[in-house]
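S.K.: Just dropping this structure here.
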Amino acid sequence: MKYLRKYPFLGPLVAVVVVYAIFAIVAPGSFTRAENLTTMAGQTVVVGIAASGMTLVILLGGIDLSVGSNVALSTVVCALCMRAGAPAILAAAAAMASGLVAGLVNGALVTTLRITPFIVTLGTMRALRGLAKGLADEQKIDAPSSGIDALVAPLPPGYGWALFPPGVWIMLATSGLVAAMLVYTRGGRHIVAIGSNEATARLCGVRVERMKWLVYGLAGLFAGLAGVMEFSTLTVGDPTDSIGLELEVIAAVVIGGGSLAGGEGSVAGALFGALLMTVIRTGSTYLGIDNWVQDIVTGGIVVTAVALDRARRASEARR
């Protein structure tokens, strides 16, 4: 138990290995092919990037239910810019900027109105979805991908040395930066302190409101980047896309050792949590298992993860 507390990513890592081994035995042989591993890594990118931001929010003791709508809005902004003739890099920057602004709005509402983050982000979830539909005139926006589609596409011949598509490396780099921030910067320590005990953090001089505003802004920025990756997959701006994505992102963080009570979480664990759900979904598809069974299994894993966290906390409290 002490190792899980010190290295919370070990639990989801073991779960990924065990589940993958089970599917490797019972699924068709093509499941273990290198191409399938690359595909699963690519399918984890959107949730993995958004989970990095959600880890910060949950560490802070908050929640962000608007991430799915934010991703959809970002795909719409990216598509509009591409259709207008903007270079791919500027379109991606605009999409990320829209995500950042949405996140900053969440942070401002949470800190200034002092409303529960659940309620605030529940409201902005609908508002951002409506904004996405309005910008897209309630229809999908076709736009030239101009290279953005290569972010998560299979590697072309001759590029096998890269191992994974660029989007996977961007996800890993993003996660690495967030993990480094949490470990090596004062801001990272302040985030954990606020989630552990906000009142004590205030007494210690932590500027709680500013840190909350910053964290929700970063979460929005990562949602915008995830939106760019989603556009890379879809090559259209779809205002109805990513419905329910927020639940997958939160599930990844919780499976990865994050506590909804705040103060505990792991970026690496969130990545493994996202990968675990991808492996389950892919393996189930190979076995012909219906989607509703996959949803039940994933939901059971989330409930089990939360129950184990509560049991561990209760055990520590009795010591």
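The values are calculated or read from the model by the stated rules, or taken from the named source; none is laboratory data. Bear in mind that the values here come from a model prediction, so they are computed numbers and not experimental data. Please note: Cβ atoms are built from the backbone with ideal geometry, for glycine as well, and neighbour counts cover all protein chains shown. Ligands, DNA and RNA are stripped out before the accessible areas are found, and what is left, the full protein with its side chains, is counted by its heavy atoms. Shrake-Rupley method; radii C 1.70, N 1.55, O 1.52, S 1.80 Å.
S.K.: Helix check for the chain. Which DSSP H runs span at least 20 Å along their own axis by Cα, with a mean Kyte-Doolittle hydropathy no less than 0.0?
M.R.: Flagged H segments are 10-26, 45-59, 67-83, 88-112, 117-135, 166-184, 208-234, 267-287, 291-318.
S.K.: Out of every Cα-Cα pair in the range 25-70, what percent are more than 17 Å apart?
M.R.: When all Cα pairs of the range 25-70 are counted, 52 percent exceed 17 Å.
S.K.: With the Cα gyration tensor of the range 267-308 in hand, convert its eigenvalues to equivalent ellipsoid semi-axes via √(5λ) and list them largest first in whole Å. Walk me through the numbers on the way to the answer.
M.R.: On the way: eigenvalues 77, 38, 6 Å².
So the equivalent ellipsoid measures 20, 14, 5 Å along its semi-axes.
S.K.: Which percent of Cα-Cα pairs in the range 1-154 sits in each 5 Å bin, short to long?
M.R.: Spelled out bin by bin, the range 1-154 gives 2, 8, 12, 15, 15, 13, 13, 12, 7, 3, 1, 0 percent.
S.K.: Evaluate the distance, in nm, between pseudo-label points positioned 7 Å from the Cα of residue 207 and of residue 189 along their respective Cα→Cβ axes.
M.R.: Result for the modelled spin labels: 1.8 nm.
S.K.: Also, quick follow-up: If you take the square roots of the eigenvalues of the alpha-carbon gyration tensor of the range 131-206 and sort them as a ≥ b ≥ c, do you get rounded (a/c under 1.5), prolate (a/b over b/c) or oblate? If you can, show how the numbers build up before the last one.
M.R.: On the way: a/c = 5.48, a/b = 1.61, b/c = 3.41.
Oblate is the answer for the range 131-206, as a/c is 1.5 or above yet b/c matches or exceeds a/b.
S.K.: Please give the charge dipole size of the chain, origin at the Cα centre, charges +1 on K and R Cβ atoms and -1 on D and E Cβ atoms. Round to the nearest 20 debye.
M.R.: Numbers: 22 positive and 18 negative charges, 281 e Å.
It works out to roughly 1360 debye.
S.K.: Further question: Mind telling me which of 230, 35, 248 comes out most flexible in a GNM of the chain, alpha-carbon contacts under 10 Å?
M.R.: The residue that fluctuates most here is 35.
S.K.: Based solely on C-alpha atoms, express the radius of gyration and the Dmax of the range 192-319 in angstrom.
M.R.: Taking only Cα atoms of the range 192-319, I get Rg and Dmax of 17.8, 56 Å.
S.K.: Here are some values of semi-axes √(5λ) of the Cα gyration tensor in Å: [x] 30, 22, 21; [y] 29, 27, 17; [z] 38, 33, 20. Which one was computed from this structure?
M.R.: Label [y] holds the value from this structure.
S.K.: While we're here: Could you point to the residue in 56, 156, 96 farthest towards the positive end of the range 1-158's charge dipole, with +1 and -1 charges on the Cβ of Lys/Arg and Asp/Glu respectively?
M.R.: 56
S.K.: Which value in deg cm²/dmol, rounded to the nearest 500, describes the helix-derived mean residue ellipticity at 222 nm for the chain, given -39,500 (n - 2.57) per DSSP H run of n ≥ 4 and division by the residue count?
M.R.: Details: 14 runs with 231 residues, N = 319.
Value at 222 nm, helices only, nearest 500: -24000 deg cm²/dmol.
S.K.: Can you tell me which of 153, 102, 223 moves the most in a GNM of the chain? Springs connect C-alpha atoms under 10 Å apart.
M.R.: Per the Cα network of the chain with a 10 Å cutoff, 153 tops the list.
S.K.: When ligands, DNA and RNA are left out and all protein chains stay put, how many square angstrom of accessible area per residue does the range 119-248 have with a 1.4 Å probe?
M.R.: The answer is 52 Å² per residue.
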